[in-house]
Amino acid sequence: METESHTLFAEVLLPLAIPVNLIYRIPVELNEFVTEGKRVVVQVGKKKLYSAIVISVSDKVPVAFEVKYILSVLDSVPIVSRVQTDFWKWISEYYMCTQGEVMKAALPAVLRLESESLVALSDNYDDETIEMDECENLIIEYLEKASETSISTLELLLKKQNIHKYIKSLYQKGKIVLKEDIADNTKPKRINCIRINQSLNEGELNTIFNELEIKAKKQLDVLMKFYNYQNGKKHVEKTLFIKETSISKSAIDTLVKKNILELYKIDKFQLFEGKTDEIPVLSQHQQRAFNEIEKYFDQNKICLLHGITSSGKTHIYYKLIEKIISQGKEVLYLVPEMVLTAQLIDRFRKYFGNKIETTHSGYSINERLETWNHLSEGKIKIILGVRSSVFMPFKNLGLVIVDEEHESTLKQHDPAPRYHARDCAIMLAKQYDANVLLGSATPSIESWHNAMTNKYVKVNLNERFGNVNEPEIKIVNIAESQKTNRMKGPFSVTLLNEISKVLNEKKQAILFQNRRGYVPVTECSMCGWSPRCVNCDVSLTFFATSNNYRCSFCGFKKEIVNKCETCGSSRLKLIGYGTERLEEELKIHFQDAKIFRFDSESVKSKKHQENIIKAFEKNEIDILVGTQMISKGLDFENLELVGIVNADHLINFPDFRAAERSFQIFTQVSGRAGRRNKPGKVIVQTYQTWHKVIEALKNSNITELYDWEIQERLKYNYPPFCRIIKLTVKHPDNKIATQAANLLGISLKKILKDNVLGPESPYISKIRNYYLKQIILKYEPALHSSSKIKSLISKAILNIKSIKEYKSVIIIPDVDAYF
């Protein structure tokens, strides 16, 4: 074709923190293959190769700089759409980062090949049934000797610049794994299943049964258990069968060797063939809320569903999702924590079968890529996931549900992009003309205010499902209990009595304490010395399980000390209670109870989280002690008591959102109690029984608290009445950090005047050997252009960075910051 001989140029997006996209020349022979959304291999600098996304193709010749050639095309079809790249661009502009940083967060690691990526052999690399070409064989032979190596080393070995296509091919064939696979302890993409040998007919099976009954009754017992277990199941996962029936692996292997059972592999996607249950019928109150939501969706309005805990919001979600996917559209269901996906996914699969998949950081990159591909290919219609799910490759998004929309974990803190998934999901929905439903028992004040000012519409669901009464909330005054000798360590007599009562009735209890470890502070009684981190400006937390002190920010560890390092005194006292210490104290009071912890220290993997949740569901745990992880929308049938050990830690936190956050967490964790036939009970221990948060919690009066909080924020100009951009200045030298921050502050104040606060040292002024200074910008969008202010900030930062002595200073903008 005549057009193929034209000289074309491609604008490409690289997974690098560079301010602009780069232009590359397309070799004539690749003209018809280079299109928007495909990955191409390009050279950056003198040696490094990267896979980049093609943003646009043009015949406009670049001027003023030399253009390099695209080396190869990695994809036969585009892997991202124009809607996705437009979405990435919006995120980069709004959250003041580069498009490359957004790309790095958005794409699965497998799709971001670069010359420094490490590769290694997979477990089944020696499978001779898979054909390879000469180049691929050379790579395998080299890896057999070298264990693992970088892609750039393989380029030198084979003397080929365009090695990415061989790496991609070997990865797809299952011959190699990438560095991220190794770090994530990647599981096989295929699942081992067992079934009766398909070649056996009915007569042969009867003969086998008769022989086993005479010669091998244990094997017959295993076979009968298999028959009972597989009833109604299309596939039986081998590991799950062994775990749930307590049958040994060797017993299964014996039946396989005898050709009675056979092993086969399936894609994870095939495990869930179809729905098994009908979606629950909505109650009168739920149906009314559902009808209201549909009415507002027809008007293209963002809807805030304010439903009290245990009101059955999820049932309404099921109905909405059912309607959307019946239209051939897709659904994004966002949750704040991956711990929630474990419990939700099983329920969703009852109603939607293999139309739903979940994704979060607990999965290996293979599993995440698999989900990405299934959505891209149209095999699934529902994505259930955490904040990164907004980057999935939707084609026809029809509905976005943000559950627990108030949660601060929906905001990404580090690294860039520092985006808020709720706000990004709303923008994503806008690009697809999809409906948006925000759900919470304790909405964020921003969303509440948006509903009050008609930016959103609010639908209320004020009755618990099944007419279950709300839990009884009892406030215990810690100060009064101490005076009357009614405190036993961290527990009031009232709380201990209620726990004892619950255990006697074979019910369960949860205790909430938002502090990990054994104790947060160890202090010398004589001089006040305490062990501190050498890298950060914080006290070290004592962890009993590892028997050391540890920093919560950088992971620095210190051996246990028996005497003060300043005055030599051995009178060291332990101040405060972490979840480890609470667990230990509870075991003293309730020696026969099964007590577990549920915090980020004790629950380190996706599987461990799921195991504890399932154990609690099966009543294998009596008391669960945890941090705010246990407050995130979990639903336990037998849970009757919730204890908040010390409410003051959260209420007194130095943050303008402290009252809002503490009320949200207390309400959410309280809502776990009594979610079935019998109302539960909540014991809140506090010194501040008079506080507005405690009063609102006791009286279930969110409106009064939020009205008061909104007036306070209006008075002192805080969100939702202004926008906040936090600038963090970092440097290993405190003097340089201070000077750079002062100069930046002066520069911004000249233009933005009183909108600029600081610079000041933050609550924690040193982290990982970097001294920190903060500048806060507060502005009202109605009076100031957001884009103009961000542009001024970016220019001010560039000016500071252009000064030689401040070139190494790190300046991080955080838009809509959470403190």
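Structure above, values below:
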| read-out | value |
| --- | --- |
| Subset of the stretch 81-112 (residues that are outside any helix (DSSP H, G or I), over 25 Å from residue 781 (Cβ atoms) and open to solvent by 10 Å² or more (accessible area, probe 1.4 Å)) | 81, 108, 112 |
| Matching option when the condition is within 28 Å of residue 772 (Cβ to Cβ), in contact (Cβ under 8 Å) with a residue 40 or more places away in the chain and either in contact with a His (Cβ under 6 Å, 6 or more places away or on another chain) or surrounded by 13 or more Cβ atoms within 10 Å (Cβ to Cβ) (or both), among 553, 542 | 553 |
| Filtered residues of the stretch 154-191 (kept if open to solvent by 70 Å² or more (accessible area, probe 1.4 Å) and at pLDDT 75 or above) | 165, 172 |
| Failed condition for residue 250, given (1) of a type in the set (Ser, Thr, Tyr); (2) more than 30 Å from residue 356 (Cα to Cα); (3) modelled with pLDDT under 85 | (3) |
| Any hit, the stretch 773-787, residues being open to solvent by 50 Å² or more (accessible area, probe 1.4 Å) and aromatic (Phe, Trp, Tyr) | no |
| Among residues of the stretch 520-529, those that are surrounded by fewer than 20 Cβ atoms within 10 Å (Cβ to Cβ) and either at negative phi or of a type in the set (Phe, Trp, Tyr) (or both), counted | 6 |
| Check on residue 585, within 19 Å of residue 645 (Cα to Cα) and either open to solvent by less than 80 Å² (accessible area, probe 1.4 Å) or aromatic (Phe, Trp, Tyr) (or both) | yes |
| Neighbours by Cβ (under 7 Å, 6+ apart or cross-chain): first from the stretch 370-399, closer than 10 Å to residue 359 by Cβ; second small (Gly, Ala, Ser) and surrounded by fewer than 21 Cβ atoms within 10 Å (Cβ to Cβ) | 388/105; 391/105 |
| Count of residues meeting criterion [farther than 16 Å from residue 393 by Cα and in contact with a Gly (Cβ under 9 Å, 6 or more places away or on another chain)] in the stretch 72-99 | 1 |
| One residue from 39, 25 being farther than 30 Å from residue 792 by Cβ, buried (at least 18 other Cβ atoms within 10 Å of the Cβ), basic (Lys, Arg) and in contact with a Leu (Cβ under 9 Å, 6 or more places away or on another chain) | 39 |
| Residue satisfying all of: in the stretch 396-412; part of a loop (DSSP other than H, G, I, E, B) and over 12 Å from the mean Cα position of the chain (by Cα); surrounded by the fewest Cβ atoms within 10 Å (Cβ to Cβ) among these | 396 |
| Given (1) of a type in the set (Val, Ile, Thr); (2) part of a helix (DSSP H, G or I); (3) in contact with a Lys or Arg (Cβ under 7 Å, 6 or more places away or on another chain); (4) modelled with pLDDT of 95 or more, index of the condition residue 339 fails | (4) |
| Positions within the stretch 451-470 being of a type in the set (A, V, I, L, M) and out of contact with any helix residue (DSSP H, G or I) (no Cβ under 6 Å at 6 or more places or on another chain), in sequence order | 451, 452, 468 |
| Test: residue in the stretch 49-56 that is outside any loop (DSSP other than H, G, I, E, B) and either open to solvent by 70 Å² or more (accessible area, probe 1.4 Å) or farther than 19 Å from residue 99 by Cβ (or both) | yes |
| In the stretch 420-451, the residues that are among the aliphatic types (A, V, I, L, M), surrounded by fewer than 21 Cβ atoms within 10 Å (Cβ to Cβ) and more than 22 Å from the chain's Cα centre (by Cα) | 451 |
| Residue count, the stretch 230-241 (criterion: part of a helix (DSSP H, G or I), farther than 16 Å from residue 260 by Cα and at pLDDT below 85) | 2 |
| Failed criterion for residue 560 (all others in (1) surrounded by 15 or more Cβ atoms within 10 Å (Cβ to Cβ); (2) free of Cβ contacts under 8 Å to residues at least 40 places away in the same chain; (3) of a type in the set (Val, Ile, Thr) hold) | (1) |
| Counted residues, the stretch 490-519 - those being exposed (fewer than 15 other Cβ atoms within 10 Å of the Cβ) and not in a helix (DSSP H, G or I) | 2 |
| Out of 247, 252, sole residue that is at negative phi and touching a strand residue (DSSP E or B) at 6+ places or on another chain (Cβ under 9 Å) | 252 |
| Residue that is surrounded by the fewest Cβ atoms within 10 Å (Cβ to Cβ) [pool: residues in the stretch 639-680 that are more than 25 Å from residue 500 (Cβ to Cβ) and small (Gly, Ala, Ser)] | 658 |
| Positions within the stretch 618-628 being of a type in the set (Asp, Glu) and within 22 Å of residue 644 (Cβ to Cβ), in sequence order | 622 |
| Within the stretch 359-388, tally of residues that are within 23 Å of residue 611 (Cα to Cα) and either of a type in the set (A, V, I, L, M, F, W, C) or part of a strand (DSSP E or B) (or both) | 6 |
| Identity of the residue in the stretch 452-480, part of a helix (DSSP H, G or I) and surrounded by 19 or more Cβ atoms within 10 Å (Cβ to Cβ), that ends up modelled with the lowest pLDDT | 465 |
| Among the candidates 96, 103, residue that is modelled with pLDDT of 70 or more and on the phi > 0 side of the Ramachandran plot | 96 |
| Selected residue (only one of 417, 393 is touching a Cys at 6+ places or on another chain (Cβ under 8 Å) and outside any helix (DSSP H, G or I)) | 417 |
| Residue 624 vs. criteria part of a strand (DSSP E or B) and within 14 Å of residue 510 (Cα to Cα) | yes |
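The values are calculated or read from the model by the stated rules, or taken from the named source; none is laboratory data. From a predicted model like this one, the values you see are computed outputs, not experimental measurements. FYI the Cβ positions are ideal-geometry reconstructions off the backbone, even for glycines, and counts take in every protein chain you see. All accessible areas refer to the heavy atoms of the entire protein, side chains included, with ligands and DNA or RNA removed. Shrake-Rupley method; radii C 1.70, N 1.55, O 1.52, S 1.80 Å.
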